[in-house]
Each structure stands twice: as C-alpha cells, then as structure tokens.
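The values are calculated or read from the model by the stated rules, or taken from the named source; none is laboratory data. Because the structure is a prediction, the values reported are computed rather than measured. Here the Cβ positions follow ideal geometry from the backbone for every residue, glycine too, while neighbour counts run over all protein chains shown. Only protein heavy atoms, including side chains, enter the accessible area calculation; ligands, DNA and RNA are left aside. Shrake-Rupley method; radii C 1.70, N 1.55, O 1.52, S 1.80 Å.
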Amino acid sequence: MDDCLFCSIADRKIPANVVYEDDQVMAFHDINPVAPVHVLIIPKKHISSLNEAEGHDQELLGHILLTAGKLAAELGIAEAGYRLITNTGPNGGQVIFHLHFHLIGGRHLGSKIA
Ligand code: AMP
Ligand code: ZN
C-alpha cells in the first residue's frame, strides 16, 4: 500500500533493523524502544489494524503469535518474560495504521497494562 510506512519497510524501500523475515511476516527493532528489547512484528500484507483482520487472516495471525514466541526465545527474553501488545485505534494509542505487535522485554514491566 502506498503511503504506509510499514508497507515500505516490508518492501525494503525504507530501511529498518530487521531481526526476522519470511514470506508472510517481518520483525524489526522499534526506532524508539521503551525497553532493552522492543521489536515490532508485522504482516507483510497491509492490514490497517486488528479491526480490519478477517477470517482468512487466521493462519497469518497465528503465525505472528508463534513468531513472537520464537523471537522472544532467540532474543533471550523468553524465560524472564515479556509483553506482546497490539494498539488498536485512537483510544488504543495506535499511531501507525499497519497492524503490528510490540514484543517488549529485557526489564521488569510491572503488572499494570496501562
Ligand atoms: P503504535 O502506537 O502501536 O502505532 O506504535 C508505532 C511504533 O512504531 C512506535 O513504537 C514507534 O516508535 C515505531 N516506529 C515508528 N517509525 C518507525 C520506524 N521507521 N522504524 C521502526 N519503528 C518505528
Ligand atoms: Zn501497510
């Protein structure tokens, strides 16, 4: 999709610090990390947010979750623990309208979600 930052990253038109890529997903370091590990996992296909995900995206969404778990292990945060977040819409604090999951860890995040 034109004018979408994360589509441009997925298409390698804009550089990112990529930690994982396959035919369906890409993961790269957040440009403004809130913790020692802060990676964004995106579908390569443009989906604006979870609100626009459909039944045929089920396998893709499952693949993203499994990828998050594998990356947590590879990045050394699985055992100590981490948080996986997807912000949705204005009240959810979503800024970039291409679905993405924040994988955050490397420090104690506390029990408050917001
Ligand atoms: P959200 O509020 O969930 O839409 O978060 C968007 C995230 O994208 C923020 O954590 C930003 O720091 C991050 N971000 C914005 N531009 C880039 C970029 N070019 N490369 C990596 N991360 C980015
Ligand atoms: Zn996009």
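Each residue in the range 2-19 was checked for being farther than 14 Å from I41 by Cα and in contact (Cβ under 8 Å) with a residue 60 or more places away in the chain, and 1 pass. Mind listing whichever residues of the range 65-92 are over 17 Å from V25 (Cβ atoms), assigned to a loop (DSSP other than H, G, I, E, B) and of a type outside the set (V, I, T)? Matches in the range 65-92: G76, A78, E79, A80, G81, N87, G89, P90, N91, G92. Looking across the range 21-40 at every residue that is more than 7 Å from ligand 1 (Cβ to nearest atom) and charged (D, E, K, R), the one that is nearest to V95 (Cα to Cα) is identified as E21.
Which of the residues that make up the range 74-92 are open to solvent by 40 Å² or more (accessible area, probe 1.4 Å) and away from ligand 2 (no atom under 16 Å from the Cβ)? E74, L75, G76, A78, E79, A80, Y82, R83, L84, I85, P90, N91 - these are the residues of the range 74-92 that are open to solvent by 40 Å² or more (accessible area, probe 1.4 Å) and away from ligand 2 (no atom under 16 Å from the Cβ).
Going by what's in this entry, would H98 be described as in a loop (DSSP other than H, G, I, E, B), touching a residue at least 60 places away in the same chain (Cβ under 8 Å), open to solvent by less than 40 Å² (accessible area, probe 1.4 Å) and not acidic (D, E)? The answer is yes for H98. Summed over the range 101-114, residues that are over 15 Å from the mean Cα position of the chain (by Cα) and either under 23 Å from L50 (Cβ atoms) or exposed (fewer than 11 other Cβ atoms within 10 Å of the Cβ) (or both) total 7.
Just to verify a result, which residue in the range 1-18, among those that are open to solvent by 50 Å² or more (accessible area, probe 1.4 Å) and hydrophobic (A, V, I, L, M, F, W, C), is farthest from ligand 2 (Cβ to nearest atom)? Result: I14.
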